[in-house]
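I have placed the structure first, in the form of structure tokens, so that the comments after it can refer back to it.
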Amino acid sequence: MSSRPVSDEVLAKVAAFAKAKQVPCYLVGGFLRDALLSRTRLPLNLDLAVPSHALELARHLAAHLGGSYVPLDEAVGCARVVMSEGERRVEVDLADFRGRTLEEDLARRDFTINALALPIERWGGRRDWAEGLIDPLQGRRDLAARRLRACFPEAFLDDAVRILRAFRFSVELGFETDPSTEPLMREAVPRLAAIAGERIREELMAVLCTDRAHWALRSMNALGALDVLFPELSAGRGVAQGGYHHLDVLEHQLETVAQCDRMMTDYAEFAPELRGPMRAYDETELVEHRPRKALVKLGGLFHDVGKPATRRTKDDGEVWFIGHEQFGVHLVESVTERLRLSNREAELIRHLVLYHLRPGHLSREPQLTRRAIFRFFRDLGDDGPACLLMWWADRMATRGPSSRLDQIDQQRARLEELLRAYFLKAEEAVRPPRLIDGHELMTALGLSPGPLIGTLLQGIQEAQAEGQLHSKEDALALARELLKSVTPR
């Protein structure tokens with residue numbers, strides 16, 4: 001097996017293809033930037049620029065490499081070739097020059113650190129490849145200074161999603177935005193309203209995957225971008241929540257994301273045996289490249305979105321938000337639709353908003369019953385741990401320095417009971433193995449298909465989780481008792 005990096009293998013094949021076609025081909029943008037930073041991103045994505053006919057070339061390249069052809073933007077001439085190299089997914093993007101020459105193309109890109117190019121044949125795994133870099137805007141200088149600088153004054157007016165990309169690069173790379181670039185971003189903020197939801201989603205989810213998501217969101221808020229992207233959040237600005245909270249609604253939701261960032265860095269505040277399972281759970285991707293932890297943070301950002309519309313003040317001055325979780329679900333559904341989240345992702349966000357108060361109720365119990373544990377996970381399923389983690393971030397964001405340590409210790413203990421049930425005792429308390437199925441129930445009790453069968457099975461499973469049943473005979477006996485209570489006399 002070759003010891004060459006996958007990127008070298010693929011680029012060698014593409015270089016040979018371009019040479020055979022007699023097409024000048026340049027490696028550009030993010031791959032070069034990351035190579036100079038000794039940084040690897042997965043999946044491997046290679047950006048290539050050609051003078052023209054990128055769509056046709058990409059179609060032929062896909063056939064040549066045994067990959068799939070995916071048109072990205074036919075209007076501007078951009079397509080992707082998706083292939084596998086061993087067990088690795090590789091994406092090769094081909095695009096026409098944005099201008100008559102390569103230099104014009106580079107000058108129309110987003111940031112100088114991405115306005116780099118290299119003739120593809122110069123790569124070839126050579127150690128001196130960087131000597132052949134084409135760098136008309138001094139991108140390498142900005143890389144060394146860890147600085148984001150726009151390539152041209154209208155960069156954000158041309159494509160407002162670059163505003164979000166600036167925040168993504170800041171949190172992913174630890175770069176600072178050049179002072180000359182910030183006014184350009186601010187001027188283009190209103191144009192974010194016209195950007196397709198899918199493009200917003202990709203940048204936002206990348207931000208939420210980092211441990212500095214809260215910084216990016218607060219910076220978007222300060223710039224005015226958050227109001228344009230999510231007007232549902234704007235109503236929470238300045239809405240006081242009463243004595244129990246130390247922040248207004250919007251700031252509390254931003255602080256909840258900050259607590260998620262803190263907590264998910266190492267899970268150090270939880271019992272050692274829970275940390276590994278929690279990390280694996282949060283890193284699980286419900287959709288490719290979109291891990292669950294990003295969705296937990298998104299839920300944290302919106303969990304109290306229903307509060308402004310449901311705020312009520314009693315005669316004694318006490319503030320209530322009765323029903324804000326149900327109203328919040330209504331609001332957040334429009335958000336998940338705009339972002340074009342998958343059905344599974346949207347379901348998770350709905351669960352986080354709808355049930356975010358429930359762990360708090362359970363945490364106040366001196367002792368959790370097995371029935372309470374079972375019912376919690378019965379209603380939330382695999383979204384249960386996400387709800388628990390988001391609630392804990394919500395809890396830590398609520399009172400800040402005014403939190404009582406004894407309350408925190410008790411609530412953490414209840415939280416860990418629920419997490420242990422899911423991660424370490426699932427067959428005992430969360431998903432006990434089925435003792436009897438619906439067909440067996442119908443046969444034994446002479447019943448017809450219908451909702452009653454589901455009711456009986458649910459009662460059996462709940463009693464089993466409580467430790468009351470241990471065999472099929474036990475399950476049938478309970479079903480007969482339950483049948484008496486639901487059958488008219």
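The values are calculated or read from the model by the stated rules, or taken from the named source; none is laboratory data. Note that the coordinates shown come from a computational prediction; the quantities given were computed from them, not determined experimentally. With ideal geometry, Cβ positions are generated from the backbone for all residues, glycine too; neighbour counts draw on all protein chains shown.
Each row is one residue, and each column tells you yes or no for (1) surrounded by fewer than 20 Cβ atoms within 10 Å (Cβ to Cβ); (2) touching a His at 6+ places or on another chain (Cβ under 9 Å); (3) closer than 28 Å to R338 by Cβ.
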| site | (1), (2), (3) |
| --- | --- |
| E202 | yes, yes, yes |
| A213 | no, no, yes |
| P231 | yes, no, yes |
| G238 | yes, no, yes |
| V249 | no, no, yes |
| G276 | yes, no, no |
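So how many residues does region 451-460 have that are modelled with pLDDT of 85 or more and either at positive phi or exposed (fewer than 14 other Cβ atoms within 10 Å of the Cβ) (or both)? Selection size over region 451-460: 1. The lone criterion from (1) in contact with a strand residue (DSSP E or B) (Cβ under 9 Å, 6 or more places away or on another chain); (2) crowded, with 16+ Cβ neighbours inside 10 Å left unmet by S180 is number (2). The residue that is surrounded by the fewest Cβ atoms within 10 Å (Cβ to Cβ), counting only those in region 53-82 that are farther than 26 Å from R109 by Cα and of a type in the set (A, V, I, L, M), is A63. Is there a residue in region 342-361 that is farther than 18 Å from G299 by Cα and either outside the structural domain of L424 (by TED's automatic domain parsing) or outside any loop (DSSP other than H, G, I, E, B) (or both)? Yes: region 342-361 contains one or more residues that are farther than 18 Å from G299 by Cα and either outside the structural domain of L424 (by TED's automatic domain parsing) or outside any loop (DSSP other than H, G, I, E, B) (or both). Taking region 467-477 as the range and being among the charged types (D, E, K, R) and surrounded by 16 or more Cβ atoms within 10 Å (Cβ to Cβ) as the test, only D474 passes.
For region 434-472, a residue qualifies if it is more than 14 Å from L482 (Cα to Cα) and acidic (D, E), and the qualifying residues are D437, E440, E466. Considering region 7-33, and only residues there that are crowded, with 18+ Cβ neighbours inside 10 Å and closer than 21 Å to E172 by Cβ, the residue that is farthest from the chain's Cα centre (by Cα) turns out to be L27. Taking each residue of region 218-246 that is within 13 Å of P190 (Cα to Cα) and looking for partners that are small (G, A, S) with beta-carbon atoms closer than 7 Å, six or more apart or interchain, yields D227/S234; V228/A193. Among the helices (runs of 4 or more DSSP H) confined to region 246-338, there are none with at least 3 residues that are assigned by TED's automatic domain parsing to the domain that holds P359 and on the phi > 0 side of the Ramachandran plot. Filtering S38, S7, S52 for residues that are under 30 Å from R149 (Cβ atoms), part of a loop (DSSP other than H, G, I, E, B) and in contact (Cβ under 8 Å) with a residue 24 or more places away in the chain leaves a single hit, S52. Counting only helices (runs of 4 or more DSSP H) that fall entirely inside region 65-167 and contain at least 3 residues that are in the same structural domain as R33 (by TED's automatic domain parsing), the qualifying elements are 102-107, 139-144.
Mind checking which residues of region 330-358 are among the charged types (D, E, K, R) and under 30 Å from Q411 (Cβ atoms)? If the condition is that a residue be among the charged types (D, E, K, R) and under 30 Å from Q411 (Cβ atoms), then E333, R344, E345, E347, R350, R358 are the ones that fit.
From the list A463, A426, the lone residue that is crowded, with 16+ Cβ neighbours inside 10 Å, under 30 Å from A271 (Cα atoms) and without any contact (Cβ under 8 Å) to a residue 40 or more places away in the chain is A463. Can you confirm whether region 478-487 contains a residue that is crowded, with 18+ Cβ neighbours inside 10 Å, under 29 Å from the mean Cα position of the chain (by Cα) and at pLDDT 80 or above? Checked region 478-487: no residue is crowded, with 18+ Cβ neighbours inside 10 Å, under 29 Å from the mean Cα position of the chain (by Cα) and at pLDDT 80 or above.
Yes or no, residue by residue, for (1) under 31 Å from the mean Cα position of the chain (by Cα); (2) outside the structural domain of H303 (by TED's automatic domain parsing):
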residue: R371; (1), (2): no, no
residue: F376; (1), (2): yes, no
residue: D383; (1), (2): yes, no
residue: L388; (1), (2): yes, no
residue: R395; (1), (2): yes, no
residue: R414; (1), (2): yes, no
residue: A426; (1), (2): yes, no
residue: Q458; (1), (2): no, yes
